[in-house]
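Q: Got a structure here, written out as C-alpha cells. Questions coming.
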Amino acid sequence: SVRAVDVKEHERFKGVYWIEFEDGSTRLATRNLTPGKRVYGEQLINLGGVEYRVWNPYRSKLGAAIMNKLEAMPISEGSKVLYLGAASGTTVSHVSDIVGLNGLIYGVEFSPRVFREFMQNIIDQGRLNVIPILADARYPEQYISLVKGVDVAYIDVAQPFQAKILADNADVYLVKGGYIILVIKAMSIDVTKEPSETFKREIDTIKERGFDIINMVHLEPYDVAHALVVGKRD
Ligand code: SAM
C-alpha cells in the first residue's frame, strides 16, 4: 500500500485532517480516540506519534459533505451532539474522534438488531464519549432522562419527515443558538430541474420551525441520493 507522508489539519474544521500519501493523493481522516481500534475496516495511519483513521466518504455522509466543500461544520472539540439514526456507528465514530473526551454523543437507534451491533462496537472500542440509546427518534421524550442539552442535533434516519423529527428533538434538547445537521433525500443534482417535492417540504419545515439554513451540499459522487443541510436556530 502507498505510504502516508504528511498530515495537515483541515482549513476550517479543527479535529478533521488531510493525510497526504507519497503518490500525491490525499484522504480525509480524524485522529483516532481509541488507538489500535478500527470501526469499519478503515485504514489506520501513524504519523508523528499520532494515529489517524481514514474517513471514507462513500461510507459516511458527513465525510462526503466535507469532501464536497461543506463550509459550516458545527461539530468540534468538546461539542455535545444528539445523533439520530446512529446505525452501527460509522459516522458516530468519526464524530466521537472530533469531539474528544470533553465532548459527548448521544447516539439514538431504534432497530434492536442494529443497536446491538452499535452498542457492541462502542464497547469493543472503548469509546467513552458515546452513549448509545435504543429509542425511536419520533418520540424525543423517550430519552429525556438520559440526554442533557446539546450543541448540535444531527439526523440521518432515512425516513420521511426527518425535518419534523429533528425539529421536535431540537425543541427539547438543543441549546439556544445551537445547530442542526440534516441529511435530506433527493435534491436534484441537475440545476435546471426542480428540486423534488420531498426536498422542498423538508426545507420548508426547517424554516417554519425557526431555523436559518446556513449551508447545503450535494453528496455526489459519494452518495447520489442525498444532500446535507446545516441550519442554526437563534
Ligand atoms: N448515520 C449513519 C452513518 O452515517 O453511519 C447511517 C444511518 S442509516 C442511513 C439510518 C438508520 O436510522 C438506520 O440504522 C435505522 O434503523 C435508523 N432509524 C430509522 N428510523 C429511526 C427512528 N425513528 N428512530 C431511530 N432510528 C431510526
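The values are calculated or read from the model by the stated rules, or taken from the named source; none is laboratory data. Everything numeric here is computed off the predicted structure, so don't read it as measured data. Every residue, glycine as well, gets a Cβ built from its backbone with ideal geometry; the counts of neighbours run over all protein chains shown. Ligands, DNA and RNA are stripped out before the accessible areas are found, and what is left, the full protein with its side chains, is counted by its heavy atoms. Shrake-Rupley method; radii C 1.70, N 1.55, O 1.52, S 1.80 Å.
Q: I need a count of the residues in segment 115-139 that are in a helix (DSSP H, G or I) and more than 10 Å from the ligand (Cβ to nearest atom).
A: Just the residues of segment 115-139 that are in a helix (DSSP H, G or I), to begin with: 115-125.
Filter once more, keeping what is more than 10 Å from the ligand (Cβ to nearest atom): 116, 119-125.
Matching residues across segment 115-139 total 8.
Q: What's the number of the only condition in (1) among the hydroxyl-bearing types (Ser, Thr, Tyr); (2) away from the ligand (no atom under 13 Å from the Cβ); (3) open to solvent by less than 10 Å² (accessible area, probe 1.4 Å) that Tyr83 fails to meet?
A: Of everything listed in (1) among the hydroxyl-bearing types (Ser, Thr, Tyr); (2) away from the ligand (no atom under 13 Å from the Cβ); (3) open to solvent by less than 10 Å² (accessible area, probe 1.4 Å), Tyr83 misses just condition (2).
Q: Next question. Please state which one of Gly48, Gly89 is assigned by TED's automatic domain parsing to the domain that holds Ile133 and either at pLDDT 95 or above or more than 12 Å from the chain's Cα centre (by Cα) (or both). Write out each step before concluding.
A: Working: Gly48 fails: assigned by TED's automatic domain parsing to the domain that holds Ile133.
Testing whether each residue is assigned by TED's automatic domain parsing to the domain that holds Ile133 and either at pLDDT 95 or above or more than 12 Å from the chain's Cα centre (by Cα) (or both) leaves just Gly89.
Q: Further question on the same structure: So in segment 150-182, with the set limited to residues that are within 11 Å of the ligand (Cβ to nearest atom) and on the phi > 0 side of the Ramachandran plot, which one is least open to solvent (accessible area, probe 1.4 Å)?
A: Looking at residues that are within 11 Å of the ligand (Cβ to nearest atom) and on the phi > 0 side of the Ramachandran plot, I get Ala158.
Q: Exactly one condition in (1) under 18 Å from the mean Cα position of the chain (by Cα); (2) surrounded by fewer than 21 Cβ atoms within 10 Å (Cβ to Cβ) is not met by Ile105; state its number.
A: Only one criterion is unmet by Ile105, namely (2).
Q: Also: Report yes if Tyr139 is within 18 Å of the chain's Cα centre (by Cα) and of a type in the set (Ser, Thr, Tyr), otherwise no. It would help to see each step written out before you state the result.
A: Numbers: within 18 Å of the chain's Cα centre (by Cα): no; of a type in the set (Ser, Thr, Tyr): yes.
Against the criterion (within 18 Å of the chain's Cα centre (by Cα) and of a type in the set (Ser, Thr, Tyr)), Tyr139 does not qualify.
Q: Restricting the search to segment 9-67, which residues are in contact with a Ser or Thr (Cβ under 6 Å, 6 or more places away or on another chain) and free of Cβ contacts under 8 Å to residues at least 12 places away in the same chain?
A: Trp18
Q: Taking the condition in a loop (DSSP other than H, G, I, E, B), closer than 24 Å to Ser25 by Cβ and not assigned by TED's automatic domain parsing to the domain that holds Leu33, does Glu77 pass? Walk me through how you get there before you give the answer.
A: Values: in a loop (DSSP other than H, G, I, E, B): yes; closer than 24 Å to Ser25 by Cβ: no; not assigned by TED's automatic domain parsing to the domain that holds Leu33: yes.
Criteria not met by Glu77.
Q: Still on this structure, I have one more. Does segment 104-114 contain any residue that is touching a Gly at 6+ places or on another chain (Cβ under 8 Å) and assigned to a helix (DSSP H, G or I)?
A: Taking segment 104-114 and keeping what is touching a Gly at 6+ places or on another chain (Cβ under 8 Å), we get 107-109.
Filter again for assigned to a helix (DSSP H, G or I), leaving none.
Scanning segment 104-114, I find no residue that is touching a Gly at 6+ places or on another chain (Cβ under 8 Å) and assigned to a helix (DSSP H, G or I), so the answer is no.
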